[in-house]
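Right, one structure below, let's go through it.
The values are calculated or read from the model by the stated rules, or taken from the named source; none is laboratory data. Quick caveat: nothing in here was measured; it's all calculated off a predicted structure. Glycine also receives a Cβ, built like all others from the backbone with ideal geometry; neighbour counts cover every protein chain displayed.
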Amino acid sequence: MRTSEKWGVDVDTAVDLALKELKLTRDEVEIEVLEESSNGFLGIGSKLARVKVTAKEEKQTTAKEKATFDEIDAILAGLPENSSNKLPDEVRAEYDKFEAEEREDARAREKAKARANKKNNKSSRSKKYDLNLEDTMLFEVKKLDPVEGHPIEKFLTDIAEQMGIDLSFSVKAGDELVFVEITGKDTGTIIGKRGATLDAVQCLASYVVNKDTNKYVRVILDAENYRSKREKTLVNLANRLAGKVERTRKSVTLEPMNPYERKVIHCTLQNHPRIKTRSEGKDPYRRVIIEMK
């Protein structure tokens with residue numbers, strides 16, 4: 001039973017392939033078109049034609065045969081995607097843009113994979129440095145005793161009333177340190193952006209405490225555990241920027257910070273074997289610089 005099913009870029013091509021295999025002419029066969037071909041749009045979504053060719057004296061069908069390599073090459077060579085038709089410039093530009101985006105996505109995936117591998121294979125260079133306990137702002141606070149009626153409490157209460165905010169103040173004091181814990185529904189207001197308002201009020205409170213004494217007394221104001229949270233943020237920042245300096249071999253200058261926040265950066269990286277820190281400028285614009293040793 002001599003029959004042949006073939007694919008082709010169009011019906012004629014598929015028929016020719018079948019006739020070549022059967023070694024027959026068109027007059028000697030019956031042709032059945034199983035699927036019509038389609039070029040799609042600009043060669044995209046094209047569809048091959050499929051035909052069934054049967055010798056007239058043998059009309060019974062047989063199982064479909066696999067195409068030979070030569071036949072596959074002939075089919076592929078005839079596809080619109082492999083033709084020499086020139087695409088319009090605007091369409092080609094879109095193709096080029098899409099291809100460029102695909103390449104960029106591939107590069108991004110490779111970079112992400114490389115970063116993940118690097119993270120999974122940490123070396124001593126990625127060691128995280130931290131503050132010594134005695135360098136933390138609140139290390140000495142636990143040694144202080146609660147105090148009632150301290151002058152700083154009245155000062156802060158007056159400020160809160162002037163600002164129209166609802167706050168309460170708990171004071172602990174020692175010979176060299178006064179600590180005030182601020183509570184109430186308006187603690188977010190007294191903290192301000194990046195603690196700017198809290199620092200400003202702390203500075204004013206320090207003037208009040210030290211105006212009639214020859215011995216300097218430190219003053220710390222805290223609300224919602226902001227000081228400890230800020231310390232952790234600065235420690236993480238110091239480690240991240242130290243890593244950047246190591247990778248790029250270029251120094252990094254931080255934004256202006258108050259004296260204590262600069263101290264956190266310095267103390268965090270003081271034992272780093274390859275990194276050093278220094279400060280430059282005048283308050284309130286004094287900054288920390290992180291650089292290679």
Discussion item. Within the stretch 260-278, does at least one residue satisfy the condition of being acidic (Asp, Glu) and out of contact with any Leu (no Cβ under 8 Å at 6 or more places or on another chain)?
Written reply: no
Worksheet, complete the sentence: For the stretch 211-228 the number of residues that are assigned to a helix (DSSP H, G or I) and at pLDDT 90 or above is 1
Practice prompt. Select from the stretch 236-263 the residues that are among the hydrophobic types (A, V, I, L, M, F, W, C) and either more than 19 Å from Lys193 (Cα to Cα) or not in a helix (DSSP H, G or I) (or both) and list them in ascending order.
Written response: Ala238, Leu241, Ala242, Val245, Val252, Leu254, Met257
Discussion item. Residue under question is Leu269, and the condition is that it be within 14 Å of Asn132 (Cα to Cα) and either assigned by TED's automatic domain parsing to the domain that holds Lys193 or hydrophobic (A, V, I, L, M, F, W, C) (or both); does it hold?
Written reply: yes
Worksheet entry | Lone qualifier among Ile182, Ile220 - being of a type in the set (A, V, I, L, M) and touching a Ser or Thr at 6+ places or on another chain (Cβ under 8 Å) | Ile182
Worksheet item: Of all residues in the stretch 279-288, how many are under 13 Å from Glu261 (Cα atoms) and in contact with a strand residue (DSSP E or B) (Cβ under 6 Å, 6 or more places away or on another chain)?
Response: 4
Worksheet item: out of contact with any Gly (no Cβ under 9 Å at 6 or more places or on another chain), of a type in the set (A, V, I, L, M, F, W, C) and under 30 Å from Lys127 (Cβ atoms): does that describe Ala242?
Response: yes
Worksheet, complete the sentence: Within the stretch 212-223, restricting to residues that are more than 14 Å from Phe169 (Cβ to Cβ) and either charged (D, E, K, R) or within 32 Å of the chain's Cα centre (by Cα) (or both), the one that is surrounded by the most Cβ atoms within 10 Å (Cβ to Cβ) is Arg218
